[in-house]
1. Within region 49-67, how many residues are surrounded by 20 or more Cβ atoms within 10 Å (Cβ to Cβ) and assigned to a helix (DSSP H, G or I)?
2. Going by what's in this entry, would S187 be described as over 16 Å from E217 (Cα atoms) and assigned by TED's automatic domain parsing to the domain that holds G249?
3. Select from region 335-357 the residues that are among the charged types (D, E, K, R) and modelled with pLDDT under 95 and list them in ascending order.
4. Within region 125-143, does at least one residue satisfy the condition of being within 16 Å of E408 (Cα to Cα), of a type in the set (K, R) and either out of contact with any Gly (no Cβ under 6 Å at 6 or more places or on another chain) or without any contact (Cβ under 8 Å) to a residue 40 or more places away in the chain (or both)?
5. Out of everything in region 313-352 that is assigned to a loop (DSSP other than H, G, I, E, B) and charged (D, E, K, R), what residue ends up being surrounded by the fewest Cβ atoms within 10 Å (Cβ to Cβ)?
6. Can you tell me which of (1) at pLDDT below 95; (2) crowded, with 21+ Cβ neighbours inside 10 Å is the one M376 doesn't meet?
7. Answer yes or no: is there a residue in region 184-205 that is under 26 Å from A388 (Cβ atoms), of a type in the set (S, T, N, Q), part of a helix (DSSP H, G or I) and in contact (Cβ under 8 Å) with a residue 12 or more places away in the chain.
8. Quick check on region 224-274: of everything there that is of a type in the set (D, E, K, R) and in a loop (DSSP other than H, G, I, E, B), which residue is farthest from S406 (Cα to Cα)?
Amino acid sequence: MKRIAVTINGTGFAGSYTAAVYRMIPHKNEVLLDLAGVCSGRPENASAFARRFGVSRSYESHSEMVSAERPNIDNIACANHVHGSYTIEAATAGVPVIVLEKPPVIWPGYHEGRTATAKVRKEESMTYLAEVLDAVRESGSRLLYAEDFVYLDGISGVVQLLKQAIPRGKGKILYQTGTCAHQGSHSPAYDTPHLSGGGALFNKACHPLGPVLYLKEIEGILSGCGPIRPRRVSALAFQVLKGQRRESGEHFRVMQNVDDFGRVSVVFDDGSIAEVVGHDLSISGIRSRLSVITDHSQYDIRINPNSSNELFLPDGAVAGDIQFREKLPTPEGTSYPSPRQFYAHGYVNEMNDAVLCALDPSRSPQSGPMLAWDTMAVLTAAYESSDAGGAFVDVTDLICGRDFESRELPDPAVVEPVFQTT
């Protein structure tokens, strides 16, 4: 039996769903997925997490864990401010597959207690990300940038359609839109810039941004011209609730230090457009959707909520501790529950990609270093644009300033079809 040793760094929301999802990975003959280790800065949290999820051993430090366990897959699902340093540790330890939660890094100046303009933060963040990606490349590790929306079945459906349309003279993606919103992050560090790196623009708009960048990469690869990438960015970021009367924040987590609304517009090098929004102003729980308009179709992906399931409860108390949809404030009344939400949000497909990469050293993650780089370039430029009142910021130098190897690009050939064929 082939053993795949898995370690998890972080015991909060992201760590919990990571551990849960590995139990849901599609069965593979003669493969054992072993949750070998978990670490946390708080040893009591790691011990409790290990007992809850059946992890073999808990650790106080990430470096100790990866050195002792020599995992096939290391999941970095901890606070944002240490994503970069822990990725370097995993790469140095020779971990074959590193699953890095978003964002890949945050501006290092936050941790150093500095202040700087958004332009300087952008430039220094990208320099730091280059160091992280260099460490991964030089070690021979493979980085899976854990943007779960890239792994939605609907996004695989768009790829399957592009594979058919492009050889027939169609397949140009013209305009994409997306939203990710709820009432405030699960993370206690979210409202602290030196821990989170930013607010709704940085940590929520990134979700729809990932797949719209990914689909343009795929379109270009399938067309034979290479990945199509972003060139100009316009954005606005606001603190909406902080400026309202106290009563207006009753049903929300009111952010004091980071933005609770962000809007980003991206112009690609082929002249196509994408617009994404992230905000903490959804009183009815999580709201996530994507729309892809091409020269041959419009594909709308209603991630959560959607109308596949409808529930009416006149008395919410009878539901006990059931959460029908992430961040849904009450089960009472009519709702649209999301059974097996980890499937619906792409987490299972995402971790399955990590496992397939661990089993096949020649396989590249679908969401990899190029997507991490382009996402970070767009988001850091977005704050620069917002500071300039939404003026366009050119990201050509950043996008063209780093070359990527073929193993660091997505491979549309391995995207499994989600539709039946005739």
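The values are calculated or read from the model by the stated rules, or taken from the named source; none is laboratory data. Keep in mind that this is a model prediction, so the values were computed, not measured. Note that each Cβ is placed from the backbone with ideal geometry, even for glycine, and that neighbours are counted across all protein chains shown.
1. So the first thing to find is which residues in region 49-67 are surrounded by 20 or more Cβ atoms within 10 Å (Cβ to Cβ), and the list is 49-50, 55, 58-59, 62, 65-66.
Still in the list and also assigned to a helix (DSSP H, G or I): 49-50, 62, 65-66.
Qualifying residue count, region 49-67: 5.
2. Details: over 16 Å from E217 (Cα atoms): yes; assigned by TED's automatic domain parsing to the domain that holds G249: yes.
So S187 fits the description; yes.
3. Correct list: R340 only.
4. Scanning region 125-143 turns up at least one residue that is within 16 Å of E408 (Cα to Cα), of a type in the set (K, R) and either out of contact with any Gly (no Cβ under 6 Å at 6 or more places or on another chain) or without any contact (Cβ under 8 Å) to a residue 40 or more places away in the chain (or both).
5. Within region 313-352, the match that is surrounded by the fewest Cβ atoms within 10 Å (Cβ to Cβ) is D321.
6. Answer for M376: the failing condition is (1).
7. yes
8. Step by step, filter region 224-274, then rank; the result is R245.
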